[in-house]
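Step one of this worksheet: look at the structure below.
Read-outs throughout are calculated quantities, based only on the coordinates presented, and are distinct from any laboratory measurement. These numbers come from a predicted model, not from an experiment. Neighbour counts are summed over all protein chains in view; Cβ atoms, including those assigned to glycine, are modelled from backbone coordinates with ideal geometry.
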Amino acid sequence: MLLTRPDTEGTINGINEEDDSVNEIGAYLQSETRILSRLKFIAAGRIDDHNQLEDYVLSPRVALAFQPNNDHNLRVTYNRAFNTPRTSDLFLDILSVKDPFQLGANFQPAFGFSPNIDIRAQGVRSETGFTFKRSAGGRPEFRSPFSPLAKLSAETYIPLDDPVTNVMWSVGHSAVMSGVKPIFEAGLTAQGLPALTVEALSNGFDNLIPQQVVGVKNVLRSLDPQAGDFVDVEDVNDVNALKPTITQTYEVGYKGILMNKLAFSADVYHSRINDFVGPLVVETPNVFLDPVTLGASLGKQITVALADPRMQGFIRHCLRSMHLRKVEMATDRLLMSW
């Protein structure tokens, strides 16, 4: 019996701290039968129960040992062994990098809330694994820290290509309004335009950038920690519950004493390992707006907006105001020169 009781005070096992106990109980039995005077058959079996694994683990072993005399021994064996997942493989839940993309730092001043995305290292609970939520059509759904922009909870699942809520474009639209618009207004002010004209042009800018986009797709990209960049992925794959690592070994061995002076042994074996637990990898991709369909949608809607007679009249009015202002400035310079 082996009882493991991690106590990380929430630093390593995080949300699993109160449910990370491991109970392992096993039993072992071995028999040895002499088939002939110099040939023995050895059989052994072990059964183990692990409270974090779904099934019992069986580990059989059989061997034939042939000993023609006291100086020589030849054996053929088959052995099935196992290694159970470590507690960190099962229960790890630790913050790796906080707000690595600076989403919280960049958007919180404009949004009034922090949409940061942290990178967390997590183990795989053996009872459940990790399952991606999918829509009725089988496509994965996602959650977004920007959901409050569409008056949704951050826990709301959103379908890819998002035909209804436009959560993803809400981020883009807000970024344009909060980032580009002040620069646009500052440029107009720097040209000496009156405050009313700057305000009118700014309102026209609001009407030019659409609140909603149509036919825009999403793309999935996974973070490559080595390159520090994102790579395209086609789909997401569920992470199965962990299983014990099973090692099956076939072996032929010899051990003997040569010429009454030299001890010699030789072994040839072949091992096959299944369900090996590897290092940490990125399993959860990120969702981005597809630049091709986004550009097409924005281009179409902006073209329609510019073709609107009211928008054209507004633009002519603003250009006229800018022209008059330039005339005034030229007159002022002439008077000062005079």
Across all Cα atoms of region 74-155, Rg and the largest Cα-Cα distance (Dmax), in Å, are 20.9, 78
Taking max minus min of the Cα coordinates of region 1-97 on each principal axis, largest first, gives extents in Å of 63, 25, 18
Helix 309-337 sits off the longest principal axis of the Cα atoms of the chain, rounded to the nearest 10 on a 0 to 90 degree scale, by 60 degrees
In deg cm²/dmol, rounded to the nearest 500, the helical mean residue ellipticity at 222 nm of the chain, built from -39500 (n - 2.57) for every DSSP H run of length 4 or more, is -9000 deg cm²/dmol
Toy charge model, Lys and Arg Cβ at +1, Asp and Glu Cβ at -1: region 1-126 dipole around Cα centroid in debye, rounded to 20, equals 1020 debye
For Lys243, the lysines lying under 29 Å Cα to Cα, once residues fewer than eight places off in the same chain are dropped, come out as Lys133
Given 25 °C, 0.890 mPa s and a Kirkwood radius over Cα pairs, the Stokes-Einstein diffusion coefficient of the chain in µm²/s is 90 µm²/s
